[in-house]
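So the structure is just underneath, and the comments pick up after that.
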Amino acid sequence: MYSHEKFRRRLDELFADVERLAADPAGRTSAGRKALDEMRTRLAQLEAEFTEINKKSPAEPQVPPPAAAIVDPNPVVSQTGKSRHVTPLLYEKEQVGYAFAGLSLQPLQDTDSQVSGGTAAITAPLTVGGDVIGRMQIEPPVEKPLSAEEVSLLNAVAQQASVQIQNLRLLEATERARSEAEAATRRFIHESWDSYLDGIQHHERVGYVYDQSGIAPYEEKDHPADGIQESVKVMEEQVGTLYIKHDPTRPLVEEDKEMIATVAQRIAQQVENIRLLADASRARAEAEEATRLLTREGWRSFVNQQDRDLRFIYNSGQVVPMQAGNMPDAPIRSLPLVVRGEPIGELGIGGKDSMSEAELDMVAQIASKVSTQIENLRLSASNEKRASELATVATVSTTASTVLDPDKLLQQVVDLTKERFGLYHAHIYLADDDWHTLMLAAGAGETGKQMVEFGHAIMMDAEKSLVARSARERIPLIANDVKNEPDFLPNPLLPNTRSEMAVPMIVGEKVLGVLDVQSEVVGRFTEEDTTIMTTLALQVGVALQNARLYVAQTATVAQLRELDRLKSSFLANMSHELRTPLNSILGFADVILEELDGPLTENMNNDLKLIQKNGQHLLHLINDVLDMAKIESGRMNLAIEKFPLTEIIEEVTSITSPLASEKNLALFIEPGSDRELEISADRTRLRQVMINLVNNAIKFTEKGRIAIHAARDGEDVLIRIKDTGIGIPPEQLESVFQEFVQVDTSTTRKVGGTGLGLPISRKLIEMHGGRLWAESTGVNGEGSTFFVLLPIEARVRKDDKEIAKN
């Protein structure tokens with residue numbers, strides 16, 4: 001229910017809307033003022049009626065009826081209890097409810113208070129498409145509760161009521177949509193007629209008077225003082241009035257009135273048809289005028305681009321250009337050559353004193369045919385020209401995209417543009433934001449090269465410069481007659497320029513420069529040329545940006561390589577310098593531990609052993625760094641020799657078995673391994689790789705085993721080291737072979753390491769011409785498997801040998 005305050009507030013808003021309409025110039029007509037006055041009167045009546053209703057005392061509370069149905073027009077909860085989005089109503093939410101009792105149906109004044117839902121009441125939801133739109137409540141007599149069948153029947157009734165309510169909603173929405181469509185149609189007709197009268201009659205009425213003497217224009221004096229009138233309507237929108245002055249001695253009967261209404265209806269249809277026809281004719285005239293304008297501009301451009309006189313003589317079966325020596329006498333008959341109502345030339349007939357009507361008719365037909373053929377030839381030539389220009393754009397763009405030197409790229413672009421488009425000159429300016437200038441970067445031919453060598457430049461704010469203005473305004477500009485253009489900046493090296501076009505090269509939001517083309521023909525450039533050159537400038541700008549990025553990237557890569565070389569050299573030198581004193585420290589520690597200089601106490605012996613252990617660890621780290629530095633700098637040498645592979649594997653298991661025993665791990669060579677296999681490789685480096693792989697497996701395996709298997713695989717040998725450790729996530733199988741990378745910092749920190757063992761091992765295997773990789777599911781307990789694929793005869797690359805020699 002609405003409160004008085006809410007209703008009053010809405011009335012105030014409506015009155016405010018009315019006042020705004022009254023202030024609008026569109027509402028100041030007599031019809032508009034009349035409509036506004038009627039609205040004010042009606043609103044005042046509504047306000048008075050509502051005020052009177054609210055003065056009455058509120059109704060006494062009613063006892064809830066036995067049966068009630070409530071429809072909520074804006075439900076927000078579905079059967080599942082989840083919130084659902086429902087389109088809000090135009091006005092505040094209001095429930096609609098009805099009660100059925102004693103064979104009578106009454107509306108509920110307050111559904112929240114009148115439908116209490118007592119203990120004996122049974123409620124069934126009203127649902128549509130899963131949305132709860134209301135509820136149906138049944139309150140049976142206390143002495144006769146509802147049975148299960150009756151409850152089921154109640155739910156079925158509720159469902160049928162839901163469907164019917166939804167149908168009524170849809171019907172109302174359909175009627176509302178139809179009314180809105182009709183209102184829109186009437187508004188369109190009203191506006192169309194207003195526009196028609198304003199545009200044709202200049203706010204004057206259009207009217208006619210018909211009597212037995214004929215039809216005459218309507219004047220105010222012709223308005224009948226008495227009689228009847230009938231509205232002339234189109235789609236319920238009144239567009240005029242039909243006045244009838246009848247004979248006073250003969251009153252109109254009902255049939256006469258029906259006939260007048262029918263006549264008014266026919267007049268309305270005919271008048272609307274005439275208006276639509278006038279609109280169509282006007283639209284057609286505008287289209288024809290636009291076509292003639294295009295034809296005129298097209299021929300003007302075509303003639304301006306020709307470097308020859310377009311006049312010809314046909315005589316004795318030959319067509320020759322008209323020149324000073326063969327100028328004909330004055331023609332006896334001249335006919336215009338017309339294309340789409342636009343004259344494009346003239347056909348003259350001479351050589352006779354007179355012509356018959358048949359000959360004149362034939363000449364007229366020839367002129368028409370010649371006009372059509374000439375237009376077809378021009379359009380064909382224009383299409384071929386555009387196709388050639390597009391092909392040129394594609395060629396220039398392809399060439400530009402393959403050149404990575406910015407200077408060469410720009411020079412090739414201007415040379416190709418000048419040659420392929422048949423231009424007098426072409427050059428490219430690049431924007432220099434620091435100096436606020438446009439520097440000439442490339443020019444076609446020798447003239448362009450001279451201008452570049454002279455350092456030709458244009459200030460960005462130069463007034464008399466088409467190039468500077470194009471860069472400032474970021475749009476293409478054309479000067480088809482430079483002698484009459486105030487923005488043209490002449491250049492003494494280009495004296496024959498007659499027309500010019502400047503197109504900015506824009507990439508993203510940045511103006512990289514301007515592509516400037518010039519011609520020695522007046523009127524050379526058209527709007528279509530602007531489109532072609534804009535496409536070319538855009539692609540050249542992108543190619544230039546890519547070339548600049550490539551140059552910058554190449555310089556960065558060169559710097560990074562040099563830094564990497566310096567780093568490797570530094571590490572190699574420092575590793576060597578660090579290893580020398582460290583070996584000396586370890587040697588003296590061994591001497592002291594052997595008690596060659598005297599007996600040691602127990603504490604001294606323990607301390608020296610710690611020094612020796614950590615020194616050995618530090619020496620191992622330094623050796624790893626030194627090996628990596630040698631490999632990266634190309635100073636790692638391989639000493640290839642032939643030996644049994646089993647010797648290396650057994651030696652590795654012997655060296656690493658103490659570490660495996662400390663963790664109670666089984667380290668063994670699988671029975672299926674080939675123990676007779678011999679290979680050619682660097683024994684020391686292969687042993688280093690195997691020790692790295694086995695130690696790595698022991699570090700990350702807490703229980704289980706490490707198995708080594710070696711067998712021939714064609715011309716190669718495949719070595720497999722499999723453990724039952726924590727495994728490696730599949731997405732990180734390659735990262736473990738990168739320098740200083742550790743998969744799990746918490747785990748690797750427990751076991752230690754530099755992160756260089758696996759990268760060094762892979763590089764050493766690759767230097768032999770082999771491959772090292774790992775496989776793992778990443779599941780703890782399933783472990784990892786490392787594979788080493790080596791050629792039986794080491795395939796050392798030539799560049800590795802040359803590096804080793806150097």
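The values are calculated or read from the model by the stated rules, or taken from the named source; none is laboratory data. Keep in mind that what you see is a predicted model, and the values were worked out from it rather than measured. Please note: Cβ atoms are built from the backbone with ideal geometry, for glycine as well, and neighbour counts cover all protein chains shown. Keep in mind that these areas ignore ligands, DNA and RNA; they rest on the heavy atoms of the full protein, side chains included. Shrake-Rupley method; radii C 1.70, N 1.55, O 1.52, S 1.80 Å.
Here are the numbers:
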read-out	value
Percent carbon-and-sulfur accessible area, region 653-702, ignoring ligands, DNA and RNA, probe 1.4 Å	47
Theoretical gain in end-to-end length, residue 567 to residue 670 [0.36 nm per residue, Cα-Cα removed]	32.8 nm
Residue 657/residue 713 FRET efficiency (R0 41 Å; Cβ-Cβ; nearest 0.05)	0.95
Dipole moment magnitude, nearest 20 debye, region 643-689 about Cα centre, only Lys, Arg, Asp, Glu C-beta charged	220
Two-site label geometry, residue 612 and residue 436: point separation in nm, points 7 Å out along Cα→Cβ	7.9
Volume per residue of the C-alpha convex hull in region 600-736, rounded to whole Å³	176
FRET efficiency estimate (nearest 0.05) - Cβ-Cβ, residue 545 to residue 374, R0 41 angstrom	0.35
Region 620-686, Cα convex hull volume normalised per residue, Å³	109
Positive dipole terminus of region 482-582, leading residue within 497, 508, 560 (C-beta point charges)	560
Mean separation of Cα contacts under 8 Å, 6 or more apart, over the residue count of region 414-509: relative contact order %	19
Pairwise Cα inverse-distance average, inverted: Kirkwood Rh of region 490-610 (Å)	21.9
Residue 460 long-range amide H proximity, modeled H, under 5 Å	437, 438
Length added when fully stretched, residue 773-residue 319, from 0.36 nm per residue minus Cα-Cα	155.1 nm
Estimated FRET transfer efficiency when R0 is 60 angstrom, pair residue 253-residue 312 (beta carbons, to 0.05)	0.15
Of 642/699; 722/763; 567/630; 609/763; 385/418; 699/722, those spanning more than 23 Å from alpha-carbon to alpha-carbon	642/699; 609/763
Cα-based shape type of region 424-504, given that a ≥ b ≥ c are square roots of the gyration tensor eigenvalues and the cut on a/c is 1.5	oblate
